[in-house]
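Note sheet for the following structure.
Please treat every number below as a calculation from the coordinates, not as lab data. On a predicted model such as this, the values are computed, not experimentally measured, just so you know. When we count neighbours, we look across all protein chains shown, and the Cβ atoms used for this are built from the backbone with ideal geometry, even at glycine.
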Amino acid sequence: MKKLTIILSVLFFLSSCELFTIDDDMNLDPNQPNTASAPQLLANAMRYLPGLSSNPDANFYGQYLAETQYAVQSRYPDESWSFYYYYQNPLINTQIVLNNSSVDNELAVAKILKAYFFWHVTDRWGDVPYSEALQGEKNLVPAYDRQEDIYNSLFKLLDEADEQINESLSLSNDQVFGGDMTKWKRTANTIHLLMALRLSEVNPEKGRTEFNKALENGIMLSNDDNFTYHPLADQNNENYWYNQIDRASREWWALTESFVDLLAPLDDPRLPVYADPARQSGDYIGQPLGYDPAPENAELFSLLGEQQHQQDSPVPLVTYAQALFAKAEAVELGWITEDAGDNYNKAVEASILQWTGSDDTVEDYLNQPDVAYDGTIEQIATQRYIHLFLHGYEAWAEWRRTGFPAFVVPIKGNPVPTRQRYSEDEAANNTDNYQEAVDRQFGGENTMYGKVWWDVD
């Protein structure tokens, strides 16, 4: 416990400091830099982006993947998760830049990354420290902000980033867009758009306002704008699934039966990209989630597709197809006056092109009765779910918001969690603020089945 408190003290202290500096001359290497520049800090924050998607637990929540061995985590055990991993790493980096940089594009990208990481955190846990977090020694026990207030702050942060970006200048050391600030601007507004849609049930008027603001400011226009992290063909920065499957020789994950059964009857062109045929039969066969495993499971079921676990396989995070699905839904909600079917068709096309590299099969796929647009939110949500493969936390959030796809069901008697529990360490080290947040949101019980602010019936 004392060790954790010391770590957190150092963490919050660093966030209030100037860029990292070594003051002891005896320890200086004249051939090595002793400070981290803003571009370096931002690049380090970006390295944590793929972890928002590349995570087995995320894909158990999204019910994309099943365990071929030791079916434990996919049965939703009652456990807690610490959000301080994000505070200790990418959020620290972005806050130091915000505290010290005077360069508009550096500040704008720091705001976009901060907003994106905090959006992820609050959607998983609910209320979290925000306004009092990352203040160094000034406050080692920050209060928990209400999720609604965090959302409002993030909308403003993204607005500031949109206004601050200078598209005529670049950003050095940019690991995502190579310094292209127009793409960062479109990413900021697309994140804003998707966040606004999260309000569809809890505050539709606010959602509509923020959605249209994002549209007016300019969202993604093609797959070329996709916010995608590109790992390297290098052990120090390689794809998570390559590390687990190829380097560690772990055939631990197969596609779920429900997901394969959704794609296979439609001859979905994305299925051969998402999965490999089962080695025993040569067919695409999904494994029931939470299934008691057997030694030969790896032979019986379709494992994660080879294209998903190359050393440099890209990790899509926010995409043009998501924006189009959001626009289609916004039409059905009465938020915008465009053609819902047109946006839906373009979204499916963008998704297939993103995943397969070809649009040759799009027309035939869309002409199938079970795919052709029928004007329902369920259909939009189901195709969005297919598109979000391996982005489990985002798919889980959309399922919580819409209730679709309907086949996301309890496993071995355990319902799908509706949030992640705060960690026991947080309860011990920030007791009063933790307890206030639990009482305020969940009736005093830190449960996996409490609902975050926007998750309303």
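Annotation: amide H of Val416 within the under-5 Å range of Ile411, sequence separation 5 or more or interchain, hydrogens built in the peptide plane. Phi angles of segment 360-372 translate, via the Karplus equation with coefficients 6.51, -1.76, 1.60 and θ = phi - 60°, into HN-Hα couplings of 4, 9, 4, 4, 5, 5, 5, 7, 5, x, 7, 10, 3 Hz per residue; Gly and Pro are given as x.
If the chain between Arg47 and Asp342 were fully stretched, how many nm would it gain, using 0.36 nm times the residue separation less the Cα-Cα distance?
Taking 0.36 nm per residue and subtracting the Cα distance, the gain is 102.6 nm.
Less than 21 Å apart at the alpha-carbon level, and either on another chain or at least 8 residues along: which lysines does that give for Lys183? Partners within reach: Lys111, Lys114, Lys156, Lys213, Lys327, Lys346. Mind checking the log10 I(q)/I(0) for segment 253-301 at q = 0.25 Å⁻¹? Debye, one equal scatterer per Cα, no solvent, two decimals. Cα-only, vacuum Debye calculation for segment 253-301: -0.92.
All C-alpha pair distances within segment 366-444, sorted into 10 Å bins from zero, spread as 15, 32, 27, 17, 7, 2 percent across the bins. For segment 137-188, dividing the convex hull volume of the Cα atoms by the residue count gives 136 Å³ per residue.
Working from the Cα coordinates of segment 104-218, the gyration tensor eigenvalues give, after taking √(5λ), semi-axes of 24, 20, 10 Å in decreasing order.
Translational diffusion of segment 98-168, estimated by Stokes-Einstein from the Kirkwood radius over alpha carbon pairs at 25 °C in a medium of 0.890 mPa s, is 190 µm² per second.
The alpha-carbon atoms of segment 307-457, seen along their principal axes, cover 57, 43, 31 angstrom, with the largest extent given first. A simple spin-label model places pseudo-atoms 7 Å from Cα toward Cβ; at Asp432 and Asp267 they are separated by 6.7 nm.
Summarise the long-distance tail of P(r) for the chain by giving the % of C-alpha pairs beyond 45 Å.
Cα-Cα pairs in the chain separated by more than 45 Å: 9 percent.
Database remark: amide H of Tyr229 closer than 5 angstrom to the amide H of Val315, Leu317 (H placed geometrically; neighbours at sequence offset of 5 or more, or on other chains; Pro and chain starts carry no H). Between Asn367 and Glu332, the C-beta separation translates, for a Förster distance of 25 Å, into a calculated FRET efficiency of about 0.70. Its relative contact order, with pairs defined as Cα atoms under 8 Å and 6+ residues apart, puts segment 256-375 at 23 percent.
The convex hull built on the alpha-carbon positions of segment 296-355 has an orientation-averaged projected area of 6.0 nm². With the gyration tensor restricted to C-alpha atoms of segment 185-305, the semi-axes of the equivalent ellipsoid amount to 37, 20, 14 Å, longest first.
Set against the 2.2 N^0.38 Å expectation for a compact globular protein, segment 256-395 has a Cα radius of gyration ratio of 1.12. Rg ratio for segment 335-392: its Cα radius of gyration over 2.2 N^0.38 Å, N being its residue count, equals 1.12.
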